[in-house]
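Reviewing the structure listed below.
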Amino acid sequence: MSIEVYINPHVKKLSRYEVKEKSLQLAEAYKLDANENLVLDKNWIRGLVEEALERIDVRLYPPMYASKAVDAIASFLGLSKQNVIVDNGSDSIIDLIAKCFVGQGKALIVEPTFEMYRFYVEALGGVAESFYMNGDFTINVDKLLNRAREAKAIFIASPNNPTGTQHPRETVETIAENFKGLLVIDEAYSDFGDFSLKDMPLRYENVIVLKSFSKVAGLAGLRIGYAVINEEAYNFISRLQSPYSVNALAQEAVCLILERWSVIEKAIEEIKAERNRMLKELSSIKEVKPYDSKANFILFKVEDVEAMELVKKLALKGFYVRERDMKPLLENCIRVTIGPKRVNDLFLQSLKEILES
């Protein structure tokens, strides 16, 4: 008898999340496809992680429920420890939210966006329903609220991946005030934006804000993220957490990062300046239409060439970028991470050479 007969029916419908990983095979290659922070000095990060490693004993289990990181983050933000959940990347917190609030109910996802909201909802047998933004990547709030009447949760990324859109505070607050369910705001990229909504869970009992150390702090390889949450929601979500899900090294590294946040702030300002310069440079290329971004990447549409073909040609020149053409509203679109100035200049040069040829 095949083991398949024992598999939950909704699991059979799932597809494994797949992203083709790039191996840097060329002598000089640049990974600009995953929105990692490449502006932070690699040696500085390495030194910080080595210092964190010196402070821990890996023979011992890490602090339970990431309590060391929780203490540091809560102190840094001026919040109570019952307003912060830390886990193994914000992906894990999305999973906790889906288990706690959605279950086999319905969640509305503002699209096109990050794929993992849908993944975790459907993994539980829930219904993940798409609500597409307007063509200019704004949200029709009335239509959204109408569609969300039977939904248990709404997922909104702001700034959004892959569009780079940061939705106005007034828009998000209107949704929170009028939606009779949980509003999840993913702010993985908000440090590169104009503002943060991390205060909203303290004012709206139905709001959770997700944050990350992967994009802004150069810790993507250590997997640690957090949520700002009200105390009532904390009481229930924390019951679902695995006690040792966040390793000791990641927790110690976050403590050191927060102590040296001025270094991160400097990198943020450099990325924002480079992003704005890149937007102008891309706008000057006839075949390219960049979309305004409040993240550490830019989405752009290309004309007179297929996006996938351009991605392949850029890879041959050592630049790995992400083709987003398969998503609705993103026809012939490509996403590129903002790197250091020298890398950005080389990318622009290669892009122009390919388009001119």
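The values are calculated or read from the model by the stated rules, or taken from the named source; none is laboratory data. Note that the structure is predicted; figures quoted are calculated from it, not measured. Glycine also receives a Cβ, built like all others from the backbone with ideal geometry; neighbour counts cover every protein chain displayed. Side chains are part of the model used for accessible areas, which takes the heavy atoms of the whole protein and leaves out ligands, DNA and RNA. Shrake-Rupley method; radii C 1.70, N 1.55, O 1.52, S 1.80 Å.
Considering only region 144-157, state which residues are open to solvent by 30 Å² or more (accessible area, probe 1.4 Å) and closer than 17 Å to residue 99 by Cα. Can you show your working first?
Here is the first cut: in region 144-157, the ones open to solvent by 30 Å² or more (accessible area, probe 1.4 Å) are 145-147, 149-150, 152.
Correct list: 152 only.
Can you give me the number of residues within region 129-143 that are surrounded by fewer than 13 Cβ atoms within 10 Å (Cβ to Cβ) and among the hydroxyl-bearing types (Ser, Thr, Tyr)?
First, the residues of region 129-143 that are surrounded by fewer than 13 Cβ atoms within 10 Å (Cβ to Cβ): 134-136, 138, 142-143.
Next cut, among the hydroxyl-bearing types (Ser, Thr, Tyr) only: 138.
Residues flagged as surrounded by fewer than 13 Cβ atoms within 10 Å (Cβ to Cβ) and among the hydroxyl-bearing types (Ser, Thr, Tyr) within region 129-143 amount to 1.
Within the bounds of region 142-149, is there any residue that is under 25 Å from residue 89 (Cβ atoms) and modelled with pLDDT of 95 or more? No, there is no match, as no residue in region 142-149 is under 25 Å from residue 89 (Cβ atoms) and modelled with pLDDT of 95 or more.
Within region 56-73, which residues are farther than 12 Å from residue 254 by Cβ, open to solvent by 50 Å² or more (accessible area, probe 1.4 Å) and not hydroxyl-bearing (Ser, Thr, Tyr)? Matches in region 56-73: 57, 58, 59, 60, 64.
Comparison of 183, 202, 197 shows that the only residue that is at pLDDT 95 or above and part of a loop (DSSP other than H, G, I, E, B) is 197. Residue-level check: of (1) outside any loop (DSSP other than H, G, I, E, B); (2) in contact with a Gly (Cβ under 8 Å, 6 or more places away or on another chain); (3) open to solvent by 10 Å² or more (accessible area, probe 1.4 Å), residue 43 misses just (2). Against the conditions (1) surrounded by 17 or more Cβ atoms within 10 Å (Cβ to Cβ); (2) at pLDDT below 95; (3) of a type in the set (Lys, Arg), residue 13 satisfies every one except (1). Kindly provide the set of residues from region 230-246 that are open to solvent by 40 Å² or more (accessible area, probe 1.4 Å) and in a helix (DSSP H, G or I), ordered by number. Hits for region 230-246 are 231, 232, 234, 235, 236, 239, 240.
Screening the candidates 114, 101, 155 for the property of being in contact with a Lys or Arg (Cβ under 6 Å, 6 or more places away or on another chain), closer than 27 Å to residue 9 by Cα and among the aromatic types (Phe, Trp, Tyr) yields one hit, 101. Within region 16-40, the set of residues being modelled with pLDDT of 70 or more, among the small types (Gly, Ala, Ser) and open to solvent by 60 Å² or more (accessible area, probe 1.4 Å) is empty.
Is there a residue being farther than 19 Å from residue 295 by Cα and either among the small types (Gly, Ala, Ser) or modelled with pLDDT under 95 (or both) anywhere in region 158-178?
Of the residues in region 158-178, the ones farther than 19 Å from residue 295 by Cα are 170, 173-178.
This time we only want the ones that are either among the small types (Gly, Ala, Ser) or modelled with pLDDT under 95 (or both), so: 176.
Yes: region 158-178 contains one or more residues that are farther than 19 Å from residue 295 by Cα and either among the small types (Gly, Ala, Ser) or modelled with pLDDT under 95 (or both).
Evaluated against (1) open to solvent by less than 10 Å² (accessible area, probe 1.4 Å); (2) under 25 Å from residue 235 (Cβ atoms); (3) hydrophobic (A, V, I, L, M, F, W, C), residue 76 falls short on exactly one condition, (1).
Hey, could you check region 100-128 for residues that are of a type in the set (D, E, K, R) and in contact (Cβ under 8 Å) with a residue 60 or more places away in the chain and say which is least open to solvent (accessible area, probe 1.4 Å)? Of everything passing the filter in region 100-128, 111 is least open to solvent (accessible area, probe 1.4 Å).
Scanning region 172-224 for residues that are open to solvent by less than 40 Å² (accessible area, probe 1.4 Å) and among the charged types (D, E, K, R), we see that the one that is farthest from residue 275 (Cα to Cα) is 173.
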